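Participant: Just dropping this structure here.
The values are calculated or read from the model by the stated rules, or taken from the named source; none is laboratory data. A quick note: this is a predicted structure, and the numbers were derived from the prediction, not measured. Ideal geometry is used to build each Cβ from the backbone, glycine not excepted, and the neighbour counts take in all protein chains shown.
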Amino acid sequence: VKGGFATFMEKEIHDQPLAVADTLRGRADAEGRLKLDELRIDESVLRLINKIIVIACGTAAYAGHVAKYAIELWCRIPVEVELAHEFRYRDPIVDEKTLVVAISQSGETMDTIMAVRHAREQGAKVLAICNTHGSTIPREADAVLYTHAGPEVAVASTKAFLAQITACYLLGAYLAQLRGNMFGDEIRSLLDELGTMPDKVAEVIGSEEEIARVANDLADVPSVLFLGRHVAFPVAMEGALKLKELAYIHAEGFAAGELKHGPIALIDEGQIVVVIVPSPRGRNELHAKVVSNIQEVRARGAKTIVIAEDGDADVEPYADVIFRIPKTPTLLAPLVAVVPLQLFACHLAGAKGLDVDQPRNLAKSVTVE
Ligand code: F6R
């Protein structure tokens with residue numbers, strides 16, 4: 001069942017190229033029109049949506065953060081991302097023109113179910129992105145886009161996360177097409193670009209041994225900080241969450257721009273800081289700013305582990321360790337950038353002799369509020 005791997009988590013990390021490919025498969029009809037799996041809302045209603053609120057918990061919520069960048073850029077609709085349990089217990093401003101997107105691997109997370117019910121009571125339409133056919137959230141939603149990651153057994157989410165991000169790109173492209181923000185050629189080139197992602201994910205998994213070596217040497221560290229900007233900010237938070245839940249190490253993810261507003265005070269000799277660097281070929285000021293963040297923490301004694309694109313030489317003077325990722329457009333980069341962080345947490349927990357499939361105090365699906 002573990003496909004020759006020592007743990008389900010490792011197997012599921014290795015399943016990720018397939019999870020992305022399967023989630024992409026068969027999404028466009030013969031005319032190149034994208035489609036959802038289930039649609040119980042009129043498309044004319046979706047054309048009039050003026051706000052999107054993504055609700056989810058944990059890792060699924062980080063997929064929602066990535067969705068915000070893509071959907072706002074492609075569809076020019078404001079997107080808010082909120083933890084489902086926070087959304088539920090305030091008075092969110094939602095009406096018939098709000099699309100609530102609920103992301104859940106299990107479809108049974110009680111916090112998210114309650115938020116979905118609350119949104120529908122206020123008249124909002126709910127679209128579910130879910131990995132489990134026939135579970136509660138897709139059954140109660142007005143529309144569904146299934147992720148095809150296959151069953152996820154390890155408690156910590158990995159392949160479902162990549163599939164969720166993939167589904168979010170598809171949703172963005174679907175809405176952009178429906179609302180006339182993107183046309184045939186643009187959609188096709190986006191789908192082509194997405195189609196190259198499974199191989200890129202596989203390439204990063206190919207560096208597992210090197211990542212495991214670095215992780216083994218760090219089994220005794222008390223704390224790790226993760227920094228990222230733009231779409232790499234949720235990736236940083238996900239990297240920190242994986243390390244907390246698997247290795248029981250204090251970890252925090254920050255938006256790199258926040259560093260000077262407080263967190264930089266945490267940096268002293270030997271503090272491990274993981275920095276996710278955006279593509280130097282993308283928006284250049286973003287890349288330059290993150291490189292200078294690496295310099296800032298390094299100058300204060302931090303040991304830096306840098307996730308950077310192949311060929312990015314600017315990071316070399318400031319990196320103690322570099323994990324390379326293939327060249328990828330900035331918006332799609334979370335799919336590759338998170339993989340070294342998953343492997344890092346998995347191997348660090350393994351080096352500590354911990355049960356990576358069943359971390360203490362956690363359940364695979366949180367069916368209580
Ligand atoms: C983290 C993790 C959790 C889940 C969260 C939501 O590794 O697995 O944070 O992502 O509990 O679960 P679903 O997606 O089933 O709603």
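Participant: If I ask for residues that are assigned to a loop (DSSP other than H, G, I, E, B) and either buried (at least 23 other Cβ atoms within 10 Å of the Cβ) or more than 12 Å from the ligand (Cβ to nearest atom) (or both), which ones from the range 132-150 would you list?
Facilitator: First, the residues of the range 132-150 that are assigned to a loop (DSSP other than H, G, I, E, B): 132-135, 141-142, 147-150.
133, 134, 141, 142, 147, 148, 149, 150, listed by residue number.
Participant: Kindly list the number of the only condition in (1) within 16 Å of the ligand (Cβ to nearest atom); (2) under 30 Å from residue 346 (Cβ atoms) that fails for residue 100.
Facilitator: (2)
Participant: Against the condition over 21 Å from the mean Cα position of the chain (by Cα), closer than 21 Å to residue 196 by Cα, away from the ligand (no atom under 16 Å from the Cβ) and at pLDDT 95 or above, how does residue 312 come out, does it pass?
Facilitator: On the way: over 21 Å from the mean Cα position of the chain (by Cα): yes; closer than 21 Å to residue 196 by Cα: yes; away from the ligand (no atom under 16 Å from the Cβ): yes; at pLDDT 95 or above: yes.
The answer is yes for residue 312.
Participant: To continue, here is another question. Filter the range 59-70 for residues that are surrounded by 24 or more Cβ atoms within 10 Å (Cβ to Cβ) and not hydrophobic (A, V, I, L, M, F, W, C) and give the result.
Facilitator: Selection gives 62, 64.
Participant: Whether any residue in the range 113-129 is near the ligand (Cβ under 9 Å from one of its atoms) and under 17 Å from residue 62 (Cβ atoms) is what I want to check.
Facilitator: no
Participant: What helices (runs of 4 or more DSSP H), lying completely within the range 28-90, carry at least 3 residues that are more than 16 Å from the ligand (Cβ to nearest atom) and under 13 Å from the mean Cα position of the chain (by Cα)?
Facilitator: Numbers: elements: 43-47, 58-75, 84-88.
By residue number, 58-75.
Participant: Determine whether the range 355-366 contains at least one residue that is among the hydroxyl-bearing types (Ser, Thr, Tyr) and either at pLDDT 95 or above or touching a strand residue (DSSP E or B) at 6+ places or on another chain (Cβ under 8 Å) (or both). Don't jump to the end; show me each part of the working.
Facilitator: Let us first name the residues in the range 355-366 that are among the hydroxyl-bearing types (Ser, Thr, Tyr), namely 365.
Next, from what is left, pick out any that are either at pLDDT 95 or above or touching a strand residue (DSSP E or B) at 6+ places or on another chain (Cβ under 8 Å) (or both): none.
The answer is no; no qualifying residue exists.
Participant: Next question, about the same structure. Name the pairs whose Cβ atoms lie under 6 Å apart, with the first residue in the range 56-74 and under 20 Å from residue 157 (Cβ atoms) and aliphatic (A, V, I, L, M), the second away from the ligand (no atom under 14 Å from the Cβ) and assigned to a helix (DSSP H, G or I), and 6 or more positions between them or separate chains?
Facilitator: Sorted first by the residue in the range 56-74, then by its partner, the pairs are 66/334; 70/169; 70/172; 70/331.
Participant: Can I ask one more? Which one of 199, 220 is surrounded by fewer than 24 Cβ atoms within 10 Å (Cβ to Cβ), without any contact (Cβ under 8 Å) to a residue 12 or more places away in the chain and farther than 21 Å from residue 62 by Cβ? Before you say what the answer is, go through the steps one by one.
Facilitator: Details: 199 fails: without any contact (Cβ under 8 Å) to a residue 12 or more places away in the chain.
Answer to the selection: 220.
Participant: Just to verify a result, which residue in the range 151-188, among those that are of a type in the set (D, E, K, R) and under 30 Å from residue 1 (Cβ atoms), is farthest from the ligand (Cβ to nearest atom)? Even if it seems obvious, please write down each step before you answer.
Facilitator: Taking the range 151-188 as the starting set, the residues that turn out to be of a type in the set (D, E, K, R) are 152, 159, 179, 185-186, 188.
Within this subset, residues satisfying the condition of being under 30 Å from residue 1 (Cβ atoms) are 152, 159.
Working: 152: 8, 159: 11 Å.
So the residue we want is 159.
Participant: Follow-up. Would you confirm whether any residue within the range 231-251 is without any contact (Cβ under 8 Å) to a residue 40 or more places away in the chain, over 15 Å from residue 335 (Cβ atoms) and in contact with a Leu (Cβ under 7 Å, 6 or more places away or on another chain)? Spell out the reasoning first.
Facilitator: Step one: list which residues in the range 231-251 are without any contact (Cβ under 8 Å) to a residue 40 or more places away in the chain, which gives 240, 244, 250-251.
Filter once more, keeping what is over 15 Å from residue 335 (Cβ atoms): 240, 244, 250-251.
Retained after the next criterion (residues that are in contact with a Leu (Cβ under 7 Å, 6 or more places away or on another chain)): 251.
Within the range 231-251, one or more residues are without any contact (Cβ under 8 Å) to a residue 40 or more places away in the chain, over 15 Å from residue 335 (Cβ atoms) and in contact with a Leu (Cβ under 7 Å, 6 or more places away or on another chain).
Participant: Pick out the one residue from 307, 294, 322, 264 that is assigned to a helix (DSSP H, G or I) and under 17 Å from residue 232 (Cβ atoms). Don't jump to the end; show me each part of the working.
Facilitator: Numbers: 307 fails: assigned to a helix (DSSP H, G or I); 322 fails: assigned to a helix (DSSP H, G or I); 264 fails: under 17 Å from residue 232 (Cβ atoms).
Step by step, each of 307, 294, 322, 264 is checked, and only 294 is assigned to a helix (DSSP H, G or I) and under 17 Å from residue 232 (Cβ atoms).
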